1. Shape verdict for region 176-277, please, from the Cα gyration tensor: rounded (a/c under 1.5), prolate (a/b greater than b/c) or oblate.
2. In a Gaussian network model over the chain where Cα atoms closer than 10 Å are linked, find which of 20, 294, 188 has the largest mean-square fluctuation.
3. Taking the chain as the reference, fit the longest principal axis to its C-alpha atoms, fit the long axis of helix 300-314 to the helix C-alpha atoms, and give the angle between the two in degrees, 0 to 90, nearest 10.
4. When the convex hull of the Cα atoms of region 228-303 is projected onto a plane and the area is averaged over all directions, what value comes out in nm²?
5. In Å and on Cα atoms, what radius of gyration and Dmax does the chain show?
6. Restricting things to alpha carbons, find the Rg to Rh ratio for region 19-77 using the Kirkwood radius for Rh.
7. Using Cα atoms only, what is the angle between the long axis of helix 105-120 and the major principal axis of the chain, expressed in degrees (0 to 90) to the nearest 10?
8. Under 12 Å from a point 7 Å along the Cα-to-Cβ line of residue 76: which residues of region 283-299 have their amide N that close?
Ligand code: PMP
């Protein structure tokens with residue numbers, strides 16, 4: 001199967017992890033070789049309720065028995081979409097009261113950038129160095145890493161980058177600016193939290209300039225940081241909120257959320273500004289509704305807090321620079337690349353899946369599912385700490 005995989009599946013790198021999957025359940029992924037891996041990165045911040053949560057699987061099965069795709073997004077009334085949007089907006093501030101459903105994280109950001117340009121009639125966009133917003137042309141244009149952008153230039157014009165958490169340069173947000181797009185916690189950039197005063201200042205500058213503030217919570221949303229959304233940790237509300245990943249319990253869907261006043265710009269000149277055939281697929285929407293209902297009814301946010309507390313106490317000592325982040329969106333910053341690689345490899349040998357973030361090779365992503373039992377959480381963190389101890393002096 002490995003040979004066929006390499007032959008017919010377009011490869012994304014020379015080093016795919018290459019596990020052949022049999023099935024997945026709860027926090028575990030099982031391979032055809034009979035091994036059981038603990039998914040300590042939740043499929044990159046997707047499976048927050050574990051794999052195949054029973055409530056999500058039930059909702060998917062019921063929806064499959066009713067209907068699959070019936071029409072491009074936005075034309076027909078599909079209860080799965082309406083119920084999810086209703087529940088989601090009931091949890092959000094007043095201005096975030098309408099949901100536009102799409103297919104993925106990057107499409108949510110594409111839609112948000114287009115909406116901001118259309119609503120403001122402006123073209124200038126501001127992003128932050130070290131950010132990640134996705135790999136389609138618009139999202140890539142505002143992603144703050146040259147190595148990913150450069151091969152695809154020219155990208156969108158009139159895009160400018162500022163340093164994250166730096167006040168200098170914020171006057172670039174001016175009357176020509178359509179939007180500022182940012183992650184409240186940079187994920188792929190290496191789990192960098194916003195400074196609470198700085199993020200308020202970004203909001204103020206946007207208000208003064210009439211620019212829209214877009215929060216990309218594609219990675220940080222749906223309970224990962226111990227609140228439903230990360231912006232709740234800060235006293236700041238965005239004009240547009242972008243979501244995906246953990247939203248639909250393992251099914252593909254994205255969304256951008258804003259006010260009816262802003263969304264009005266998408267209905268005219270021309271109508272149908274962002275056509276998406278499969279956006280808000282009914283099976284994904286049904287899964288998202290069940291997923292959110294479960295997330296709101298359990299003690300998952302407390303579990304995220306416990307994960308942070310345990311990780312920050314257990315993961316300390318020589319070789320470890322720091323553990324940073326909030327809740328279950330954490331990064332273990334190690335001394336150097338070799339140590340990082342050895343720790344990831346040793347843990348992989350012990351059937352624990354860890355990984356890097358995209359822009360950093362000295363940071364291990366710690367993002368366990370929020371259903372993980374306390375005992376397993378603590379044992380796993382101790383295994384990681386042991387791997388650091390064993391390898392720190394050999395690198
Ligand atoms: N924004 C952020 C913050 C992300 O972490 C990601 C995915 N890693 C994306 C956007 C893109 O999402 P998708 O892969 O669903 O297009």
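Each reported figure results from applying straightforward, stated rules to the coordinates on display, with no laboratory input. Computed from a predicted structure; not experimentally measured. Cβ coordinates were reconstructed from backbone atoms using ideal geometry, including for glycine residues, and neighbour counts include every protein chain displayed.
1. Working: a/c = 2.24, a/b = 1.14, b/c = 1.96.
Oblate shape, in that a/c is at least 1.5 and b/c is the bigger or equal ratio.
2. Sorting by GNM fluctuation, first place goes to 20.
3. 50
4. 6.4
5. 20.9, 64
6. Values: Rg = 15.4 Å, Rh = 13.6 Å.
Reported Rg/Rh (Cα atoms, Kirkwood Rh): 1.13.
7. With rounding to tens, the tilt is 30 degrees.
8. Zone members listed by number: 283.
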